[in-house]
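The values are calculated or read from the model by the stated rules, or taken from the named source; none is laboratory data. Note that the structure is a prediction, hence the values are computed from the model and not measured. Cβ atoms come from the backbone with ideal geometry, glycine included; neighbour counts cover every protein chain shown. Side chains included, ligands, DNA and RNA excluded: accessible areas come from the protein's heavy atoms. Shrake-Rupley method; radii C 1.70, N 1.55, O 1.52, S 1.80 Å.
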Amino acid sequence: MSAPTTTRSRTRDSISDQELIAAYQQGDERAARELVARHGPALGRFLYGAGAAADEVDDLVQEALFRAFRRLHTWRGEASFRSWLLTIGSNLLKDQYRTRKGRQTVSLDDHEVVGTSDPHAELAAGEMEERLRSGLARLPRLQREVFLLRTQQGIDYQEIAIVLGTTPGAARVHYHHAVKRLKEIVG
């Protein structure tokens, strides 16, 4: 007879988000840490790509996670935990945008260029990244968020629709418009 499987004896990748949430709700703080480690970096990349200033990303991620854990009982499981968390992050960013009356700052200070011995290649890569970041900042909010969710997070249109409160068809249209505009902008 084999021993029952517990969160302690299973590898962390084999434990589903739903199991971690159930463990957290029963008082297992390690489950919360695992959820944060699993989804926090993706949330930060999404928020930064969606226009959050580099120096505000950590605070936004922390606030989104705080709100998620505080309202965990409202998560219905219709979408993945990550999608629900991205929705919370997206709403925080919208609130911040409204508070600032639509003024948006995109920091270019934190970009990294893949190391190469060719200074011309480094300069070209830096210029391309700057054009792409500038192009993303010029996209309408919904196009930018759909584009980032699809390309950065690899989320399908059905989940994007849930995250952003739209339809899968509309998400698909926003994505294609974003790609078209970015091609025009980046050249």
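Per residue, how many Å² of accessible area does region 119-187 show with a 1.4 Å probe?
I get 55 Å² per residue for region 119-187.
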Review point. Cα centroids of region 41-97 and region 165-183: how far apart, whole angstrom?
Key: 21
Revision key, fill the gap. With a 1.4 angstrom probe the carbon and sulfur portion of accessible area for region 12-107, in percent, totals 48
Check your understanding: Of the peptides 144-151, 54-61, 75-82, 158-165, how do they stack up when ordered by the mean number of other Cβ atoms within 10 Å, highest first?
Key -> 144-151, 158-165, 54-61, 75-82
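Just to be sure I follow: if Rg is taken over the C-alpha atoms of region 119-187 and Rh is the Kirkwood radius over the same atoms, what is Rg/Rh?
On the way: Rg = 13.4 Å, Rh = 12.6 Å.
Answer for region 119-187: 1.07.
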Point to revise | P(r) histogram, all alpha-carbon pairs of region 12-107 included - 10 Å bins from 0, percent | key: 16, 47, 26, 10, 1
Check your understanding: How much of the accessible area of region 119-187, in percent, comes from carbon and sulfur atoms when a 1.4 Å probe is used?
Key -> 55
Check your understanding: Could you give the dipole magnitude of region 24-77 about its Cα centre, charging the beta-carbon of Lys and Arg +1 and that of Asp and Glu -1, in debye to the nearest 20?
Key -> 340
